[in-house]
Amino acid sequence: MQLNQFIDHTLLKPTATPEDIENLCKEAIAHQFIAVCIPPSYLKHAKSVLKDSNVKLATVTGFPLGAMTTEAKVFEAKDAIVNGADEIDMVINIGMLKGGDANYIENEIAEIKKAIGSKILKVIIETCYLTDAEKEAACKAALNANADFVKTSTGFGTGGATFEDVKLMKKIAGDKMQIKASGGIKDRETAIKYIELGVSRLGTSSGIKLVTSEEN
C-alpha cells in the first residue's frame, strides 16, 4: 500500500513559523505525500518550495470554528486560490447545523465550491460536536452542494476521527464523495484501518512516522 499517497502532511498550530512550514514542505517532497495542509498566510512561501514537486497545496477556510459569515469564507477561499492553493478544507457553521438549519450549511458549501471552481473542496463537519443525525445531515448537505470530500475534524475540537464516524459518513457519501479522516491518526495500523473503511485522505501531523514505521 502506498500510504504516502493518502497523507495530507499537516501543520496548523498557531505557533508554526515560516521555517516550520518550509520544513513541512520539504518533508512532503522527500516522502512524496499527496499534499501539505497549512495556514493561508503561508501559501505563497509554500508554493515556492513545492513548485517543482507533485505535492498539492491545501489550506483551511473558516478555521477552526466555522462561525464567520459565508461572505468571509468565500473571500478567504478565493484569496487562497489566488495565492496558490489547490485544495480548500472549510469548516461548516456548526451552530447553524445544530440549530436545525441544514439549508444554511448546504448553501454555504455551494457558494464556496462555486467560488473555487475545479479546485478540490473538503468540508470539515467537526464530528465531535454532532449527533449521528447531525453528521448525516452535514454529509448530505456537502453531497448536495457538490463538495469533493467530507472531512471528520479540524484537530482543534474535543475529539478527532473515529472508525464509527467514518462508517456513518461512508454510508452517505457512497462513491459520490470522498472522505478525509483527520485528528488523532498517529500510527500505521490506525491509518490502514481508515483506508480499509473507505477513506481517501488522512490529515495528520504524524505522516513521517506512518510511512517509516515497519509494516506488521
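Taking amide hydrogens as placed 1.01 Å from N in the peptide plane, the amide H of Ser205 sits under 5 Å from those of Thr10, each at least 5 positions away in sequence or on another chain. For the chain, carbon and sulfur atoms together expose 50% of the accessible surface, with a 1.4 angstrom probe and every protein chain in place. For the chain, the mean residue ellipticity at 222 nm estimated from helices alone is -13000 deg cm²/dmol, where every DSSP H run of n ≥ 4 contributes -39500 (n - 2.57) and the total is divided by all residues, rounded to the nearest 500.
Note on Lys44 and Gln5: the extension gain reaches 11.7 nm, defined as 0.36 nm multiplied by sequence separation minus the Cα-Cα distance. Under 5 Å between amide hydrogens, built in the peptide plane, is the criterion, and for Lys56 it picks out Ala35, Val36 among residues at least 5 positions away or on other chains.
At a probe radius of 1.4 angstrom, the accessible area of region 3-212 per residue rounds to 43 square angstrom. On the beta carbon distance between Asp20 and Thr70, with R0 = 30 Å, the FRET formula returns roughly 0.45. Calculate the length of the line joining the C-alpha centroid of region 93-110 to that of region 2-48, in whole Å. Going from one Cα centre to the other spans 30 Å.
With only Cα atoms counted, region 1-49 has Rg and Dmax values of 10.6, 34 Å. Near Ile124, the amide H atoms lying under 5 Å from its own belong to Met90, Val91, Ile92, Lys151; only residues 5 or more places off or on other chains count, and H is placed 1.01 Å from N. When the Cα atoms of region 3-212 are aligned to their principal axes, the ranges along those axes come out at 44, 38, 30 Å in descending order.
The values are calculated or read from the model by the stated rules, or taken from the named source; none is laboratory data. Owing to the predicted nature of the structure, the values given are computational and were not obtained by experimental measurement. In this analysis, Cβ positions are derived from the backbone assuming ideal geometry, glycine residues included, and neighbour counts consider all displayed protein chains. These accessible areas exclude ligands, DNA and RNA; they are computed on the full protein's heavy atoms, side chains included. Shrake-Rupley method; radii C 1.70, N 1.55, O 1.52, S 1.80 Å.
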